[in-house]
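A.B. asks: The structure follows.
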Amino acid sequence: MTYTPTKTLSFEAFIAQYGDDAHYELIDGELRSLEPTGPHESVAGKVAGYIYAEILRQQFAWTVPKTCLIKPPATAATALRPDVIVLEEAALKSEPLWQREPIITSGIPIRLVVEVVSTNWQDDYARKIEEYAFLKVPEYWIVDFAGLGGTAFIGKPKQPTFTVCQLRGEEYERTLYRSGDEIASQVLPELSLMLDNIA
């Protein structure tokens, strides 16, 4: 058996070929299909709706862009495409690429990131949690509406789980919520949201 290494892409090549295609992101030069399904997109849309309604109610000067890429500064060939991202509008002035393309290069404007779990759940629970912590994103939500994640992350027996990760120093403290539990967010402390509302 012969091993053929996967062709790697640079960040620039990824942007040129897939920058406008919401179905792909880049991790360490490897093209990743986000494999969105109808239920996945529905859950992501509902989460974004709840968040945006709370932002409007609280009159925060934040935005929830339809599409956005994150280029972590410590990795040359990574472009993350979160399902939902909340950005502080005033801090976008310091983003060098934002005026030309929806790309964030630091964690400064990011208030909250949400990933809706699909079959590539390992990225959401492992790799991305490290990247978002490194960027100092205050809060990261992992919405595992189908209970796909490993038991080390969502427990046994596997069941739909909403994980809220809050930054404590350099690492996230994780709190798991199940059906019937109202989530607690430090970024949106008055938000009323349960897994049942979106799945």
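The values are calculated or read from the model by the stated rules, or taken from the named source; none is laboratory data. Just so we're clear, the structure is a prediction, and the values are computed from it rather than from any experiment. Virtual Cβ from ideal backbone geometry, glycine too; neighbours counted across all protein chains shown.
A.B. asks: Report yes if Leu31 is more than 17 Å from Tyr140 (Cβ to Cβ), in a loop (DSSP other than H, G, I, E, B) and in contact with a helix residue (DSSP H, G or I) (Cβ under 9 Å, 6 or more places away or on another chain), otherwise no. Break it down into steps so the answer makes sense when it comes.
C.D. replies: Numbers: more than 17 Å from Tyr140 (Cβ to Cβ): yes; in a loop (DSSP other than H, G, I, E, B): no; in contact with a helix residue (DSSP H, G or I) (Cβ under 9 Å, 6 or more places away or on another chain): yes.
Here the answer is no, as Leu31 does not meet what is asked.
A.B. asks: Within region 79-92, identify whether any single residue is of a type outside the set (Asp, Glu), assigned to a loop (DSSP other than H, G, I, E, B) and in contact with a Leu (Cβ under 8 Å, 6 or more places away or on another chain), and answer yes or no. Before you say what the answer is, go through the steps one by one.
C.D. replies: Going through region 79-92, the residues of a type outside the set (Asp, Glu) turn out to be 79-82, 84-87, 90-92.
Among the residues that remain, those that are also assigned to a loop (DSSP other than H, G, I, E, B) are: 81-82.
Then drop every residue that is not in contact with a Leu (Cβ under 8 Å, 6 or more places away or on another chain), which leaves 81.
Scanning region 79-92, I find at least one residue that is of a type outside the set (Asp, Glu), assigned to a loop (DSSP other than H, G, I, E, B) and in contact with a Leu (Cβ under 8 Å, 6 or more places away or on another chain), so the answer is yes.
A.B. asks: Could you grab me the full set of residues in region 124-144 that are under 10 Å from the mean Cα position of the chain (by Cα), farther than 14 Å from Ile110 by Cα and in a strand (DSSP E or B)?
C.D. replies: Selection gives Ile142, Val143.
A.B. asks: Could you check Pro65 against (1) out of contact with any Ser or Thr (no Cβ under 7 Å at 6 or more places or on another chain); (2) surrounded by 13 or more Cβ atoms within 10 Å (Cβ to Cβ); (3) modelled with pLDDT of 90 or more; (4) not in a loop (DSSP other than H, G, I, E, B) and say which number it fails?
C.D. replies: Evaluating Pro65 over (1) out of contact with any Ser or Thr (no Cβ under 7 Å at 6 or more places or on another chain); (2) surrounded by 13 or more Cβ atoms within 10 Å (Cβ to Cβ); (3) modelled with pLDDT of 90 or more; (4) not in a loop (DSSP other than H, G, I, E, B) leaves (4) as the failure.
A.B. asks: Here is a check on your reading of the model: is Ile108 over 12 Å from the mean Cα position of the chain (by Cα) and either surrounded by fewer than 17 Cβ atoms within 10 Å (Cβ to Cβ) or closer than 21 Å to Ala48 by Cα (or both)? Don't jump to the end; show me each part of the working.
C.D. replies: Numbers: over 12 Å from the mean Cα position of the chain (by Cα): yes; either surrounded by fewer than 17 Cβ atoms within 10 Å (Cβ to Cβ) or closer than 21 Å to Ala48 by Cα (or both): yes.
Yes.
A.B. asks: May I pose another question? Give all pairs with beta carbons closer than 8 Å in which a residue from region 37-50 that is under 10 Å from Ser118 (Cα atoms) meets a residue that is modelled with pLDDT under 90; count only pairs at least 6 apart in sequence or on separate chains.
C.D. replies: Partner pairs satisfying both residue conditions: Thr37/Ser118; His40/Ser118.
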